[in-house]
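To keep things clear, I will list the structure first and then write my remarks on it.
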Amino acid sequence: MLGIKFIKVEPTDYILQFKRGKIIREGAGLSFFCFAPTTSLVRIPIGSVDVPFIYEEVTADFQAVSIQGQLTYRIAEAKKLSQLMNFTLTSNGKNYASDDPQKLPQRLISHTQVLTRASLKSMHLKQALGQSDSLVATLREGLQSAEIVASLGIEILGLSILAIKPTPETSRALEAEAREQVLREADEAIYSRRNAAVEQERGIKENELNTEIAVENKKRQIKEAQMDAEKSVQQKKREIREAEMAAKIALEEKNKDLVALATANAREEADSKAYAVTAMMKALAGTDPKTLQALTSSGMDPAQLVALSFRELAENSEKIGQLNMSPDLLRELLHRDSAK
C-alpha cells in the first residue's frame, strides 16, 4: 500500500513515533508499520559512544600543550534529548534530517576543552605533563556535574587522556633538561661511588697503618724483651767473671803467700846449706888436697876412676915420656861406651 512502511530499529536505538505533534509510540528495539506522510520518526542511539578528541591548550606558564584522549558517553534520557536536538529521520527512515547527531559529540568535546582550559590555568607545564591522572579526575567530575550534560540527558561513562605533549621545541628543551639532570645524577653517582671507594681505601690504609703500628709495637716489645734478656745474661756473665776474678785473686793471694813461704823456706835451706858448706870448708881448710881427692874418689865406679886417672895423666903429660895401655883396658872402655 502506498505510503505505508515497516520500521525496525536495533535494541541500541530508541525510537519515538510522532503523529500530529503527539507521541503515539516510543521505545528501544521496536518494529512496526507506519504511514509515512503523517508520521515523524525520531531515532536516538542509546548505546555507548567513544569520542576521540585532540586539542591544544596553554598552561599557566604560557606553554602550549597538545591533549589527546577519549570520551565515552551514552544517552540515558532519549526523550529529553529529542526535545533539545533534532534526531528526526528522513522519509526513507534511514538518514537524519539534520546534522544535530554529528554536533552532539562536538558539544561534549567543546565542554571538555573548556574544563581542561580551566584546569591548566593553575598548572605549570611540568605539572600538567606529570599529573594526567588528577586532570582526568577533574574533567570527569566536571562533565558529570555539568548542567549542559544533564540537560541533554547524557551519562558520562568514562574519560581518559592518552597523551599530553608539549610542542616539539619545548619537548626537546625538556628532554635536554631531563638528560642533563640524568647526567648530573649519573655524575653524582660516580662521584659518590668514588668517594665511597676513597673512604674504603682510606679505611683500608688506616687499618694497614694500624696493623703496621701494632706489628712495630710487638717488634719493639720483643726487642725490649730480648734486650732485657741479653742484659740479664750480661749481668750474669759479669757476675760470673767477677766471681772468677775474685777466685783468681784469692788464688793469687794464696800463691803469693805460698811463693813467699817457699822463698822463705828456700832462703832458710840455702842459708843452712851455706852454713854447712862454710863449716865444712873451715874443717877442711888445713887438709892436704891429695887426701881430699882420695876421700872424694872413694865410692866412685871404675869408669869415674879411669876418667880421674886420665885427667891426672893429662895434668902431668909433660913428665910422661911414653904411655902404654893394654888391649883389655881399651876393650873394656869401648864396651862401656857402646853399652851407654
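Bear in mind that the values in this text are calculations on the coordinates, not laboratory data. Keep in mind the model is a prediction, meaning the values are calculated, not measured. Counting neighbours? That spans all protein chains shown, and the Cβs are built from the backbone with ideal geometry, glycine included.
Structure notes:
- Point-to-point label distance, Ile222-Ala150, nm (Cα→Cβ direction, 7 Å offset): 9.6 nm
- Burial ordering of Tyr73, Tyr14, Tyr275, fewest other beta-carbon atoms within 10 Å first: Tyr275, Tyr73, Tyr14
- Label separation (Lys282 vs Ile240): 6.3 nm, computed from points 7 Å beyond Cα along the C-beta direction.
- Across the range 4-166, the convex hull enclosing all Cα atoms gives 102 Å³ per residue.
- Mean Cα-pair separation over length for the range 114-244, i.e. relative contact order, pairs under 8 Å, 6 or more apart, %: 15 percent
- Likely footprinting exposure, Leu104, Leu84, fewest C-beta neighbours within 10 Å first: Leu84, Leu104
- A convex hull fitted to the Cα coordinates of the range 167-240 yields 33 cubic angstrom per residue.
- Listed by chain and number, the lysines placed with their C-alpha closer than 30 angstrom to that of Lys231 are Lys218, Lys219, Lys223, Lys248; residues fewer than eight positions away on the same chain are left out.
- Difference of contour (0.36 nm per residue) and Cα-Cα distance, Lys256 to Thr138: 29.3 nm
- For Phe32, the shell of other residues with beta-carbons less than 14 Å away shows a net charge of +3, using +1 for Lys and Arg and -1 for Asp and Glu.
- Using θ = phi - 60° and Karplus 6.51 cos²θ - 1.76 cosθ + 1.60, couplings along the range 219-236 (whole Hz; Gly, Pro as x): 4, 5, 4, 5, 5, 5, 5, 5, 5, 4, 5, 5, 4, 5, 5, 4, 4, 5
- Inter-probe distance in nm under a simple model that places probes 7 Å from Cα toward Cβ, at Glu175 and Glu212: 5.4 nm
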